[in-house]
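Worksheet: the structure to be examined is printed underneath.
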Amino acid sequence: MELRKVNTPDRVKTENTTSQIHKNHRSRLKFQFENNGIGSLTDIQKLELLLFYAIPQKDTNPLAHALIDEFGSLKNVFSADINDLKKVKGIKENSATLIKLVGSLQNQLNLPSNDEKISSSSEACAFCQKLYTNVDVEQFFVICLTKSNKVKKVKMIGSGTLDEINVQIREITAFAIESKCNRIIVSHNHPAGIAKASDEDAAFTYSLVCSCLLNSIDILDHVIVGTDKAIAMSSTGLLQKLKERAFKTIKITSEIKAIVSSSAENYKVD
């Protein structure tokens with residue numbers, strides 16, 4: 001004989017009551033946001049509210065707590081890798097995608113305007129510092145400039161962890177070539193450290209300089225943004241040393257010499 005679970009009146013009543021509690025909670029939270037603004041919500045409530053739109057029926061409060069506990073802060077949740085988000089129990093494809101979308105949109109809106117002009121190392125530092133607003137992981141940006149040093153395109157090439165990032169040089173040169181640009185500024189951040197070039201930073205920059213020169217692209221600067229300030233490799237003399245070493249290593253054509261010469265005339269090292 002097959003036994004079936006029957007919903008008794010008490011069971012149905014309990015389920016309806018729980019559903020109504022969640023429904024009322026959502027309504028109250030939406031009302032609070034609509035009438036009092038985002039500042040009236042705690043970080044947990046902000047995440048709860050967002051998850052309403054990926055999870056229509058379930059109580060999202062435990063999920064919001066789980067995300068904050070896992071990543072340490074609301075900021076870290078929005079900058080987390082989408083695959084790491086999905087490792088949190090209860091966070092599936094839709095929820096992870098929504099969180100990542102909001103975080104990416106925030107970063108996109110924080111990007112400086114493309115009509116700015118960067119003609120000096122100090123201007124490069126100021127511009128690059130804007131790229132890392134509310135960022136707690138290492139990221140790498142490429143800034144393509146016109147011949148008059150006006151910003152043409154900005155692209156984040158890679159995003160890593162607190163102290164590590166994996167960037168492919170061919171992605172950088174490919175972006176510059178695709179953008180029909182022969183002068184670029186590159187930048188990365190040290191979210192948990194000072195703005196100082198490490199040995200690894202210098203080695204990577206040297207390889208990048210060589211690759212770019214072979215593709216008729218000049219690197220005007222490499223800006224490193226730390227927790228308190230930014231520093232340009234051109235202003236420390238490091239970039240010029242790397243370029244001089246590259247000039248001795250690879251064959252420099254007259255076209256490349258002209259590009260490098262023009263860049264030097266139009267870009268001031270402060």
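The values are calculated or read from the model by the stated rules, or taken from the named source; none is laboratory data. Since the structure is predicted, the reported quantities are computational estimates derived from the model, not experimental observations. Heads up, the Cβs are rebuilt from the backbone with ideal geometry, glycines too, and the neighbour counts pull from every protein chain shown. Only protein heavy atoms, including side chains, enter the accessible area calculation; ligands, DNA and RNA are left aside. Shrake-Rupley method; radii C 1.70, N 1.55, O 1.52, S 1.80 Å.
Just a few scattered comments:
- Matching residues, segment 26-57, being surrounded by 14 or more Cβ atoms within 10 Å (Cβ to Cβ) and either over 29 Å from the mean Cα position of the chain (by Cα) or farther than 17 Å from Ile91 by Cβ (or both): Arg26, Leu29, Gln32, Phe33, Leu41, Gln45
- Residue in segment 61-71 that is part of a helix (DSSP H, G or I), touching a His at 6+ places or on another chain (Cβ under 8 Å) and among the β-branched types (Val, Ile, Thr) present: no
- Scanning segment 240-270 for residues that are in a helix (DSSP H, G or I), among the basic types (Lys, Arg) and open to solvent by 50 Å² or more (accessible area, probe 1.4 Å) returns Lys241, Arg245, Lys248, Lys257.
- The single condition among (1) within 18 Å of the chain's Cα centre (by Cα); (2) touching a residue at least 24 places away in the same chain (Cβ under 8 Å) that Ile184 does not meet is (1).
- The set of residues in segment 207-224 being open to solvent by 10 Å² or more (accessible area, probe 1.4 Å) and either in a loop (DSSP other than H, G, I, E, B) or not aliphatic (A, V, I, L, M) (or both) consists of Ser207, Cys210, Ser211, Asn215, Ser216.
- Residue in segment 67-99 that is modelled with the lowest pLDDT, counting only those that are of a type in the set (Asp, Glu) and either within 16 Å of the chain's Cα centre (by Cα) or open to solvent by less than 90 Å² (accessible area, probe 1.4 Å) (or both): Asp81
- Filter result for Asp163 (open to solvent by 80 Å² or more (accessible area, probe 1.4 Å), at pLDDT below 80, among the acidic types (Asp, Glu) and over 19 Å from Ile82 (Cα atoms)): no
- Applying the criterion of being charged (D, E, K, R) and at pLDDT 95 or above to the residues of segment 202-233, the residue that is farthest from Ala176 (Cα to Cα) is Asp221.
- Filter result for Lys23 (part of a helix (DSSP H, G or I), open to solvent by 90 Å² or more (accessible area, probe 1.4 Å) and at pLDDT below 90): yes
- Residue, farthest from Val269 (Cα to Cα), within segment 226-239, restricted to residues that are open to solvent by 10 Å² or more (accessible area, probe 1.4 Å) and outside any helix (DSSP H, G or I): Thr227
- Where helices (runs of 4 or more DSSP H) fall wholly inside segment 78-155, the ranges with 3 or more residues that are farther than 14 Å from Ser187 by Cα and of a type in the set (A, V, I, L, M) are 93-110.
- Among (1) polar (S, T, N, Q); (2) under 24 Å from the mean Cα position of the chain (by Cα); (3) open to solvent by less than 40 Å² (accessible area, probe 1.4 Å) - the single one Thr60 does not satisfy: (2)
- When restricted to residues that are more than 18 Å from Glu138 (Cβ to Cβ) and β-branched (Val, Ile, Thr), segment 223-247 contains 1.
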